[in-house]
Amino acid sequence: MKQILLLSLVFMLAACGTAPALKAEPTPIVVTVLVPASPETVAAGPTAISLPTQAPTLPPTEVPTLAPTLAPTEIPASPVPPTAQVVVVTATSNAVAASSAPIPIDNVLGKGVFVNMTMSSDSVTLRCNPREITFNIKANLPEITDALMAYRIVDNPAGLYPSEWQSNIKMKGDGNGNFSIIFGGDDVDENLRLDKAWLDVQFIGLNKGGAAVDRTQKIERLITYRKDCP
């Protein structure tokens, strides 16, 4: 019995001391590489592959230049213009303004009796405009309390046939020596009306008793009279 146990132990020890069997290595696959004359080409079979001799040079990466950020320009708010009244002046309105301005009569023609003489126009008509003309005068002598206007018609342009003076047309006074009168085209005597004529005028100063103190010179060929429109 002891011998059987000893034999079993011997076999067990022999089994433990034996080196383990090595696994079979796989059979290597041999690849034949043909090296041509040029060191840059490696051929494997019929296909040739070009190999770079050095690492490719990458172009430098361009860093985009950022434009400087500008602060937004503040646009000031447009001030609201004040409401203004637009006045359009035309040539017609200028002509009207000029025609409405009084026309002075030279003080020399007043002969020291009246001064500051003016007329609203240098023409008057019977059927057209202007149909009236306004005269303003100022007494230059203290004794003058009233004034009259006289007129006559003279053919224009010849001036060969003056009419008689038509007088005793009373002027309106303000009590301070200022006198005025509005004379219309229809105030001319119908027997004296011409298609075109001169309207000559003269002013007479009166005292309190109604007597003539003095009169101006004859104011001639300053005013045109017409029956119809020019």
Checklist line | Tally of residues being more than 16 Å from residue 204 (Cα to Cα), exposed (fewer than 15 other Cβ atoms within 10 Å of the Cβ) and either of a type in the set (S, T, N, Q) or touching a residue at least 60 places away in the same chain (Cβ under 8 Å) (or both) across region 97-128 | finding: 5
Note to self: Looking at 187, 228 in this structure, which one is open to solvent by 60 Å² or more (accessible area, probe 1.4 Å), under 49 Å from the mean Cα position of the chain (by Cα), of a type outside the set (Lys, Arg) and under 19 Å from residue 128 (Cα atoms)?
What the structure shows: 228
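Conditions (1) within 22 Å of residue 208 (Cα to Cα); (2) among the basic types (Lys, Arg); (3) in contact with a helix residue (DSSP H, G or I) (Cβ under 6 Å, 6 or more places away or on another chain); (4) at pLDDT 95 or above, marked per residue:
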residue	(1), (2), (3), (4)
124	no, no, yes, yes
128	no, no, no, no
144	yes, no, no, yes
149	yes, no, no, yes
153	no, no, no, yes
165	no, no, no, yes
178	yes, no, no, yes
Next item on the list: Would you check which residues across region 125-165 are among the charged types (D, E, K, R) and either closer than 21 Å to residue 198 by Cα or in contact with a Pro (Cβ under 9 Å, 6 or more places away or on another chain) (or both) and list them?
Entry: 127, 131, 132, 152, 155, 164
Item checked: Selection within region 144-166 - aliphatic (A, V, I, L, M) and either under 51 Å from the mean Cα position of the chain (by Cα) or in a strand (DSSP E or B) (or both) -> 147, 148, 149, 150, 153, 154
Notebook entry, point to check: Quick check, is residue 157 over 25 Å from residue 101 (Cα atoms) and not small (Gly, Ala, Ser)?
Noted result: yes
Next item on the list: Test each condition in (1) farther than 26 Å from residue 141 by Cα; (2) under 54 Å from the mean Cα position of the chain (by Cα); (3) not polar (S, T, N, Q) for residue 192 and report the one that comes out false.
Entry: (2)
Checklist line | Near pairs, Cβ below 6 angstrom, 6+ apart or cross-chain, from region 133-160 (farther than 14 Å from residue 173 by Cα) to any residue that is part of a strand (DSSP E or B) and open to solvent by 50 Å² or more (accessible area, probe 1.4 Å) | finding: 150/167; 151/166; 156/196
Note to self: What's the total number of residues in region 184-230 that are β-branched (Val, Ile, Thr), closer than 22 Å to residue 110 by Cβ and in a loop (DSSP other than H, G, I, E, B)?
What the structure shows: 2
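For every residue, the table says whether it meets (1) part of a loop (DSSP other than H, G, I, E, B); (2) open to solvent by less than 80 Å² (accessible area, probe 1.4 Å); (3) closer than 19 Å to residue 108 by Cβ.
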| site | (1), (2), (3) |
| --- | --- |
| 135 | no, yes, yes |
| 142 | yes, no, no |
| 168 | no, no, no |
| 182 | no, no, no |
Next item on the list: Looking for whichever is surrounded by fewer than 20 Cβ atoms within 10 Å (Cβ to Cβ) and within 17 Å of residue 230 (Cβ to Cβ) here; the options are 215, 131. Which one fits?
Entry: 131
Next item on the list: Being closer than 13 Å to residue 178 by Cα and aliphatic (A, V, I, L, M) is the filter here, so list the residues in region 124-155 that pass it.
Entry: 137, 139, 141, 144, 147, 148
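The values are calculated or read from the model by the stated rules, or taken from the named source; none is laboratory data. Keep in mind the model is a prediction, meaning the values are calculated, not measured. Every residue, glycine as well, gets a Cβ built from its backbone with ideal geometry; the counts of neighbours run over all protein chains shown. Heavy atoms of the whole protein, side chains included, go into the accessibility calculation; ligands, DNA and RNA do not. Shrake-Rupley method; radii C 1.70, N 1.55, O 1.52, S 1.80 Å.
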